[in-house]
Amino acid sequence: MTAKLYFNVAMAEPYDIALRERAVTAYHAGEGGYHELAALFQIGWRTLQRWVARERATGSVAPEPKRGGWTSPIEMETLKRIVAEAPDSTLAELCWEYNRRVVRAQQSTPGSIGRALHREGFVLKKNDRGRANATGRTWQPSGRRS
């Protein structure tokens, strides 16, 4: 039997403050060491060690507030104007036009442009069938019919 890995898109939530306080209080009361108490509370021993250190340093075991994370450098107003001007453009064409209009530090890739448009609610075509091929035909018809 093989182990399966599951990945969650969202970040994990911090442990409950009541659990943190019980574990740290048990440690200070001498009910066991890091390893024994961690097994009892079903947490990692290093997690308990960090909680004890936080409680000693700040007087509280409360977790730090979640931080902001990464934000996309893509200027959505510029990208929306480009889409409005040429709504049938492919991601590569939108990316080329976007990169032409912004400073070098804000230039992006077709994948990032696609994700930014998706976040804003745009629906993109899966392919561009029916559009003229920029390179032309790569084969010549034989003239025979089967």
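Give me the 1.4 Å probe accessible area per residue for segment 1-121, excluding ligands and nucleic acids, in Å².
That works out to 74 Å² per residue.
Ignoring ligands, DNA and RNA, please state the percent of accessible area on segment 61-127 from carbon and sulfur, probe 1.4 Å.
55 percent
Just to confirm a number: summing +1 for Lys and Arg and -1 for Asp and Glu over residues other than residue 62 whose beta-carbon lies under 12 angstrom from that of residue 62, what do you get?
Around residue 62, the surrounding residues sum to -2.
Compute the projected area of the convex hull of the Cα atoms of segment 6-65, averaged over all viewing directions, and report it in nm² to one decimal place.
4.7 nm²
The values are calculated or read from the model by the stated rules, or taken from the named source; none is laboratory data. Model, not experiment: these values are computed from the prediction. Cβ: placed from backbone, ideal geometry, glycine included. Neighbour counts: every protein chain shown. Quick note on the areas: whole protein, heavy atoms, side chains included, nothing else; ligands and nucleic acids left out. Shrake-Rupley method; radii C 1.70, N 1.55, O 1.52, S 1.80 Å.
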